[in-house]
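Since the structure comes first, as structure tokens, the remarks are kept for the end.
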Amino acid sequence: MFRRLVFLGPPGVGKGTQARRLAAEFSLAHISTGDILRETIKQNTPLAQKVRSYMERGTLVPDEVVLDLLLERMRQPDVRRGYILDGYPRNIKQAYDLEKAGVAVEVVVYFYADEETLIKRISGRRTCRLCWRVYNIYYDPPKVDGRCECGGELFQRSDDREDVVRARLTEYEQKTSPLVQHYKGKGLLCEVDGGGTPEDVYRRLLQAIEAV
Ligand code: AP5
């Protein structure tokens with residue numbers, strides 16, 4: 001089993017859902033730059049304001065900001081057992097930054113799905129304010145409306161509004177999707193159909209990784 005993975009794919013394809021499951025099963029660190037940035041914007045600092053302004057528009061946060069935060073996370077001890085980078089790199093420059101920093105990548109898993117599926121999944125996503133569990137009102141609804149199992153309130157991410165989602169999809173097409181060819185050329189890419197249930201996708205993910 002690979003222990004240094006990158007998860008690549010458009011917003012809402014299920015990278016976070018699959019990364020959490022694979023990380024739990026194989027004791028890997030799940031490193032989501034989106035989650036790290038969402039933690040960052042909770043603080044009342046100039047950096048938080050800067051990051052928020054990019055995320056609220058659905059555009060990529062500047063490379064040097066994300067790299068610093070990522071490398072800080074990579075210094076934590078749990079990373080030694082292996083990791084899944086979920087949402088990093090997100091453009092060619094970030095791929096080179098990763099190489100330069102000496103962060104090893106054994107396989108890049110590219111998840112894909114049609115746009116209708118992505119938009120429905122994103123519009124249905126709800127997250128718990130307390131434990132960060134992710135639900136979906138269409139596919140994985142909470143037992144009690146608006147409440148997590150832990151009792152926390154569920155909220156919709158501010159960048160999941162329709163206009164911001166359009167901007168994120170465009171940003172993905174223009175800046176992130178070239179990474180598919182980049183990693184294919186390096187012989188690191190494995191492709192996984194992200195359609196169907198989370199269980200279907202997880203099964204395909206394990207098969208794809210084993211077949212590399
Ligand atoms: P980030 O948080 O990384 O968002 P994203 O890549 O747009 O991905 P999502 O979190 O929307 O989707 P996902 O693929 O993880 O899907 P999920 O599993 O949640 O980034 C947010 C922002 O941060 C960016 O726009 C940017 O501004 C900034 N940023 C982050 N990284 C950066 C970087 N490296 N450089 C610069 N800026 C950066 O699933 C979605 C929903 O669908 C959930 O409700 C889930 O329950 C449901 N679901 C999942 N799988 C299935 C399934 N198979 N069937 C049915 N429902 C499903």
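Observations on the structure shown:
- Scan of segment 158-191 for residues that are more than 11 Å from the ligand (Cβ to nearest atom) and buried (at least 19 other Cβ atoms within 10 Å of the Cβ), ordered by number: Tyr183, Leu189, Cys190
- First in segment 10-31 and closer than 16 Å to Tyr88 by Cβ, second anywhere and of a type in the set (Ser, Thr, Tyr) and part of a helix (DSSP H, G or I), Cβ under 7 Å, 6 or more apart: Pro10/Tyr172; Pro11/Tyr172; Gln18/Tyr202
- Within segment 56-65, restricting attention to residues that are open to solvent by less than 30 Å² (accessible area, probe 1.4 Å) and within 7 Å of the ligand (Cβ to nearest atom), the residue that is nearest to Thr40 (Cα to Cα) is Val61.
- For segment 107-133, the tally of residues that are in contact with a helix residue (DSSP H, G or I) (Cβ under 8 Å, 6 or more places away or on another chain), of a type outside the set (Phe, Trp, Tyr) and more than 10 Å from the ligand (Cβ to nearest atom) stands at 5.
- Number of positions in segment 24-35 that are near the ligand (Cβ under 8 Å from one of its atoms) and assigned to a helix (DSSP H, G or I): 3
- Scope segment 91-106; condition within 12 Å of the ligand (Cβ to nearest atom) and not in a helix (DSSP H, G or I); matching residues: Asn91
- So Gln49, is it more than 8 Å from the ligand (Cβ to nearest atom), out of contact with any Leu (no Cβ under 9 Å at 6 or more places or on another chain) and part of a helix (DSSP H, G or I): yes
- In segment 143-157, the residues that are open to solvent by less than 70 Å² (accessible area, probe 1.4 Å) and of a type outside the set (A, V, I, L, M, F, W, C): Gly146, Gly151, Gly152, Arg157
Results for (1) closer than 19 Å to Phe111 by Cα; (2) crowded, with 16+ Cβ neighbours inside 10 Å; (3) more than 8 Å from the ligand (Cβ to nearest atom), shown as yes or no for each residue.
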position	(1), (2), (3)
Leu5	yes, yes, yes
Pro10	yes, yes, no
Leu22	yes, yes, yes
Ile41	no, yes, yes
Asp68	no, no, yes
Arg75	no, no, yes
Val79	no, no, yes
Pro89	yes, yes, no
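- Residue tally, condition open to solvent by 70 Å² or more (accessible area, probe 1.4 Å), acidic (Asp, Glu) and more than 25 Å from Glu162 (Cα to Cα), over segment 91-134: 1
- Of the residues making up segment 192-212, those that are open to solvent by 60 Å² or more (accessible area, probe 1.4 Å) and assigned to a helix (DSSP H, G or I) are Pro198, Glu199, Arg203, Arg204, Gln207, Glu210, Ala211.
- Scan of segment 139-148 for residues that are within 14 Å of the ligand (Cβ to nearest atom) and assigned to a loop (DSSP other than H, G, I, E, B), ordered by number: Tyr139, Pro141, Pro142, Cys148
The values are calculated or read from the model by the stated rules, or taken from the named source; none is laboratory data. Only a predicted model underlies this, so the values are computations on that prediction, with no experimental measurement involved. All Cβ positions, even for glycine, are placed from backbone atoms using ideal geometry, and neighbour counts span all protein chains on display. Calculation scope for accessible area: heavy atoms of the full protein, side chains included, ligands and nucleic acids excluded. Shrake-Rupley method; radii C 1.70, N 1.55, O 1.52, S 1.80 Å.
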